[in-house]
Amino acid sequence: MIIKYLKSKNGVAIVAVMIFTVILLIFGATFLRLATTERIAADRNFYLNQSFYLAEAGAERTVAYLESLPAPPTGTLSFDPFGGWQSLDDAGFWRAVVDPNDNNPGSFLKRYTITAEGQAVTPAFTVTKIVEVELSRENFAQFIYFTNYEESASGQEIWFFNGDIIEGPVHSNDQINIYGSPTFMSLVTSTADSFNYYHGGPPQDNPDFQQGYQLGVTPIDMEKHKNLSTLEALSVSGGLKLTSDSKIQLNSSGTITYWLRTGGTWSNPTWGAPTTINIPSNGVVYVEGRVRVSGTLDGRLSIASESDIYISEDIVYSLPPTDPNCTDALGLIAANNIIVDKSSPAGGSLTIHATMMDFDGSFYVRNYDSIPVMGNLTVYGGIIQNRRGAVGTFYSYTGQRLSGYLKDYHYDTRVTDEPPPYFPTTGKYDRDSWEEQPAVWN
């Protein structure tokens, strides 16, 4: 009986071991299957991300290609700049197609759509990812304030000062000078690695960077993108070319009145008879000489001068630029300087609705250091200049204003997408939109 009992216990133990072994095998197979599934999922996710990065790399390389061209591509037919699939190290392949906007032939601000594909290939599958990027030619009008140099031709540092309000994007290819607490309402960028603070920095110098700042950025080459010759050619083909020093009055009726100087000096001129015309069909007026501009603009116009542009009275749009119904836009483009020439009455203000650019000079107030203390110099638009010009002076020890204007600069957001006619471009492209399409698995 004892022997039978022991045999029974052995049999139970064997059965238990077998059951436990089966359970272990089931769990092992399950874990192996889960591990395999997770590894496959991880592989798929890895190659999915890789195909996305390949597509992005293709899009960025295509943008760099467009920016390397001396001029934007013409025509409306799609094209592949690289001739098919390109490999990127061992990561996979990419290709890109550029589709010019159908309106490009009649538009100065060219737009393009890049469709870039990234493809990751494995023995088990191929995954393709597509991104679409819409581009527009970047324009200097995107800045409310731009300089190559933050000092005058004589080497005098020009300062952002207490009470200055600068609403839009600011960029300088130089170190920006700051006294006290000016307010910058949008992003500030500079190629320098620091700001030049008059008192060494906070607390006496405490600017309000409401959208932050970036230092050490890549310079923007204004010299490379001068376009006076283009504007002159446009003035004789759908525009207006004036062949001497001139005066232009903008009229709220959608017309302009101009006078040619027939004698005297610029400071004491003799003007010819006035001529009134509709705004030219392509919106370009080119002046071989100096020009004085004033009035109310109803329309879209760019006035270019081979010399200097003078402003002694308000220049405004028929509707305020903040009005959603406003479609007016004015560009003032000078080879040399844009000069504010209003110094009376004391305390008087001046308003300019325009995006202004000078290639070799400055935007400044004439006799800024000797005229009375004025009111606000209000600009809705932008000031793009080679060298920063002064609009007033202050006593450095107390900050008391001594002469000239207080800056009140506001960005006209409309000109980002609709700049004044044929306003100079930077050679770069804005990424207006970016869209990712679902992956394709094969």
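This table checks each residue for (1) in the same structural domain as SER68 (by TED's automatic domain parsing); (2) within 16 Å of the chain's Cα centre (by Cα); (3) within 25 Å of LEU402 (Cβ to Cβ).
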{"position": "ILE130", "(1), (2), (3)": "no, no, no"}
{"position": "GLU134", "(1), (2), (3)": "no, yes, no"}
{"position": "SER154", "(1), (2), (3)": "no, no, yes"}
{"position": "PHE161", "(1), (2), (3)": "no, no, yes"}
{"position": "ILE165", "(1), (2), (3)": "no, no, yes"}
{"position": "PRO169", "(1), (2), (3)": "no, yes, no"}
{"position": "ASN173", "(1), (2), (3)": "no, yes, no"}
{"position": "ILE176", "(1), (2), (3)": "no, no, yes"}
{"position": "PRO182", "(1), (2), (3)": "no, no, yes"}
Q: Keeping to the stretch 186-231, report how many residues are of a type in the set (Phe, Trp, Tyr) and assigned to a loop (DSSP other than H, G, I, E, B).
A: 2
Q.
Just checking, does the stretch 378-392 include any residue being surrounded by fewer than 18 Cβ atoms within 10 Å (Cβ to Cβ) and either in contact (Cβ under 8 Å) with a residue 12 or more places away in the chain or outside the structural domain of TYR286 (by TED's automatic domain parsing) (or both)?
A. no
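Given SER370, SER396, which one is surrounded by fewer than 19 Cβ atoms within 10 Å (Cβ to Cβ) and in contact (Cβ under 8 Å) with a residue 40 or more places away in the chain?
Being surrounded by fewer than 19 Cβ atoms within 10 Å (Cβ to Cβ) and in contact (Cβ under 8 Å) with a residue 40 or more places away in the chain holds for just one of SER370, SER396, which is SER396.
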Q) With respect to ILE130, is the statement that it is under 24 Å from GLY200 (Cβ atoms) and either of a type outside the set (Phe, Trp, Tyr) or at pLDDT below 90 (or both) true? A) no
(Q) Here are the criteria: (1) part of a strand (DSSP E or B); (2) touching a helix residue (DSSP H, G or I) at 6+ places or on another chain (Cβ under 8 Å). Tell me which single one THR115 does not satisfy. (A) (2)
Q) Are any residues in the stretch 349-370 touching a helix residue (DSSP H, G or I) at 6+ places or on another chain (Cβ under 6 Å) and charged (D, E, K, R), and if so, which ones? A) none
Q) Among the residues of the stretch 325-338 satisfying the criterion of being of a type in the set (A, V, I, L, M, F, W, C) and crowded, with 24+ Cβ neighbours inside 10 Å, which is farthest from SER305 (Cα to Cα)? A) ALA329
Q | Test result for ALA334, in contact with a helix residue (DSSP H, G or I) (Cβ under 6 Å, 6 or more places away or on another chain) and at negative phi | A | no
Q | Residues satisfying the stated conditions in the stretch 42-70, i.e. of a type in the set (Lys, Arg) and either more than 30 Å from ARG111 (Cβ to Cβ) or touching a Phe, Trp or Tyr at 6+ places or on another chain (Cβ under 7 Å) (or both) | A | ARG44
Q. What tally of residues in the stretch 159-200 results from selecting those that are free of Cβ contacts under 8 Å to residues at least 24 places away in the same chain and under 19 Å from TYR395 (Cα atoms)?
A. 3
Q. With TYR380, TYR364 as the choices, which residue is closer than 16 Å to ASP341 by Cα, in a strand (DSSP E or B) and of a type in the set (Ser, Thr, Tyr)?
A. TYR364
Q. Of all residues in the stretch 275-294, which are in a loop (DSSP other than H, G, I, E, B) and under 28 Å from the mean Cα position of the chain (by Cα)?
A. ILE279, PRO280, SER281, ASN282, GLY283
(Q) Could you check the stretch 71-89 and list, in sequence order, the residues that are part of a loop (DSSP other than H, G, I, E, B), at pLDDT below 90 and either of a type in the set (A, V, I, L, M) or over 17 Å from GLY106 (Cα atoms) (or both)? (A) ALA71, ASP89
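The values are calculated or read from the model by the stated rules, or taken from the named source; none is laboratory data. Quick caveat, the model's predicted, so the values are computed rather than measured. Quick reminder, even Gly has a Cβ in these numbers, built from the backbone with ideal geometry, and neighbours come from all protein chains shown.
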